[in-house]
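Here's the structure we're looking at; comments come further down.
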Amino acid sequence: MDPRIYTPQQITTIYKIPNRYFQTEHDVAHYNDYHFYQEKIIGRGGFSTVFLAKNIKTNRLAACKVIDMDVSKKFSLNLNEMKNELFIMEAINNPFTIKVFVHYLVNHKLFIFMMLANAGCFGKYLENNITLTENRSKYFFSMMLASIEYMHDCHIAHRDIKPDNFLMLNIDGHLVLMISDFGLSSFVSKDDSGKFELFQSQCGTPAFMAPEILKGESPYDAFKSDIWALGISLYMMICGSLPFDNNQDDWGVSDMEQQNWQYTLEMKSYPSQELNSILCTLLEPKPESRPKIKQLLIHQWIQKDYKEIKALEKVLQKNIHS
C-alpha cells in the first residue's frame, strides 16, 4: 500500500473526477451527497479555508477544506505532494483518526470533505487550560496512543505529532481526540530482511523532533521519533510548557541527550512515580532504548486507562465513522 509505487491516476479518487461534473465552486457546494456553506467559515490556513458542510443523506455535519493549489505552489506544495496525505487519509479507518469522505479537484481548487471536529484543536485546549491533572492527561494520552498504535500497525509513521495536530470531537459531553494533518506522514516499507526502512529527512516541528532527527547525522527510525513526540506532548499536558529550549544553537540537543528537563510549578500536583517513569521512558534520548508503541501500552501509568479507551472503540466507531 505504499503510495510511492502508484501513478497519480491509480493512487486516489481525486484524479478520477472529470471537471465536466463540477465547473464552479457552486457545483461542488451543492453536490448530491455533500453540501458546504460558503458563508460559514470555520477555519483558515495559509492557503486553505474550512467551511461547514453537511451530508445531505444522513444530515450529519462535516467540514469542507478548500485548498487553492495556485496559491499553495508559492509555498512549494503541489498536487503530487498532496497525494500521499490523501492516500493515507483514505486508507485509515479508526475512531481516533480524522476521516476523509470524498475530495474533488475543480479549476485548481481542491475540495476535501472530512469529519467535523466540533470541539476544536487540542493545542488550543491546552493553551486555555495551561496544565491538566494526571488523570485528565491519562485520558487524553490514551487516545493519542490509540491513534498512533493504529497508524504504526498500518506501517505508517505520522512524523509531526503535537497537540496542535489533534482535533477534538464532543460526544455527549465527552471529548474525543483524533489525530489529523498527515502531510508529513509516510508508509514505512521493509527491506528484504524484514527490517523497516530508516529515514534521512529532517521534518516535523522542531520543538517535537527527536534528538536523532535534529542532529541529522545518520538515518533514524520514524516510529521511534513518533514516540519521542508523544513524550513532549504528554509533558506539555502535565507542565504547560516545553521540556527543552529549542532556541539554543544546537536546538536543545545537548539538554535532550543529558535528559536535562524538570517539572514546573504550574503542575496541578506533584508527579507520581509512574508518571515520572513513563516520561523518562518516552524522553529517552537513545532511540534504540526508546520503547516501541506496543511496549508503551503496558506501562503501569497508562495500562488501565488505555484498556478502557480501547473498550470504547466499537462504540466510537459506530458514532463517529458511520
Taking Ser218 as the residue in question, decide whether it is out of contact with any strand residue (DSSP E or B) (no Cβ under 8 Å at 6 or more places or on another chain), in contact (Cβ under 8 Å) with a residue 60 or more places away in the chain, hydroxyl-bearing (Ser, Thr, Tyr) and exposed (fewer than 12 other Cβ atoms within 10 Å of the Cβ).
no
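Listed here are the residues, each with its yes/no results for (1) touching a Lys or Arg at 6+ places or on another chain (Cβ under 6 Å); (2) at pLDDT below 90; (3) assigned by TED's automatic domain parsing to the domain that holds Tyr104; (4) not in a loop (DSSP other than H, G, I, E, B).
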position: Gly46; (1), (2), (3), (4): no, yes, yes, no
position: Val50; (1), (2), (3), (4): yes, no, yes, yes
position: Ala53; (1), (2), (3), (4): no, no, yes, yes
position: Lys57; (1), (2), (3), (4): no, yes, yes, no
position: Ala62; (1), (2), (3), (4): no, no, yes, yes
position: Ser72; (1), (2), (3), (4): no, yes, yes, yes
position: Phe75; (1), (2), (3), (4): no, yes, yes, no
position: Asn80; (1), (2), (3), (4): no, yes, yes, yes
Which ones in the range 279-302 are over 23 Å from Thr264 (Cβ atoms) and surrounded by fewer than 15 Cβ atoms within 10 Å (Cβ to Cβ)?
Lys286, Glu288, Ser289, Lys292, Lys294, Gln295, Ile298, Gln300
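Here's the yes/no breakdown for (1) in contact with a Lys or Arg (Cβ under 9 Å, 6 or more places away or on another chain); (2) in the same structural domain as Leu230 (by TED's automatic domain parsing); (3) closer than 17 Å to Ile88 by Cβ; (4) at pLDDT below 95:
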| residue | (1), (2), (3), (4) |
| --- | --- |
| Met144 | no, yes, no, no |
| Glu149 | yes, yes, yes, no |
| His152 | yes, yes, yes, no |
| Asp160 | no, yes, yes, no |
| Pro163 | yes, yes, no, no |
| Leu169 | no, yes, no, yes |
| Asp172 | no, yes, no, yes |
| Phe187 | yes, yes, yes, yes |
Take the residues of the range 217-242 that are in a loop (DSSP other than H, G, I, E, B) and in contact with a Ser or Thr (Cβ under 9 Å, 6 or more places away or on another chain): which is nearest to Tyr125 (Cα to Cα)?
Gly240
Residues located in the range 221-231, provided they are surrounded by 23 or more Cβ atoms within 10 Å (Cβ to Cβ) and farther than 16 Å from Leu297 by Cα
Ala222, Ser225
Met267 under 18 Å from Asn135 (Cβ atoms), in a helix (DSSP H, G or I) and in the same structural domain as Ala146 (by TED's automatic domain parsing):
no
So which residues in the range 292-307 are β-branched (Val, Ile, Thr) and farther than 18 Å from Ile238 by Cβ, if there are any at all?
Ile293, Ile298
Between Asp191, Asp181, which is closer than 21 Å to Asn93 by Cα and at pLDDT below 95?
Asp181
Close pairs (8 angstrom Cβ cut-off, 6 or more residues apart or separate chains): assigned to a loop (DSSP other than H, G, I, E, B) in the range 98-115, surrounded by fewer than 19 Cβ atoms within 10 Å (Cβ to Cβ) and modelled with pLDDT of 85 or more anywhere
Lys99/Asn93
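The values are calculated or read from the model by the stated rules, or taken from the named source; none is laboratory data. Remember, it's a predicted structure, so these values are computed and weren't measured experimentally. So basically every Cβ, Gly included, is an ideal-geometry build from the backbone, and we count neighbours across all protein chains shown.
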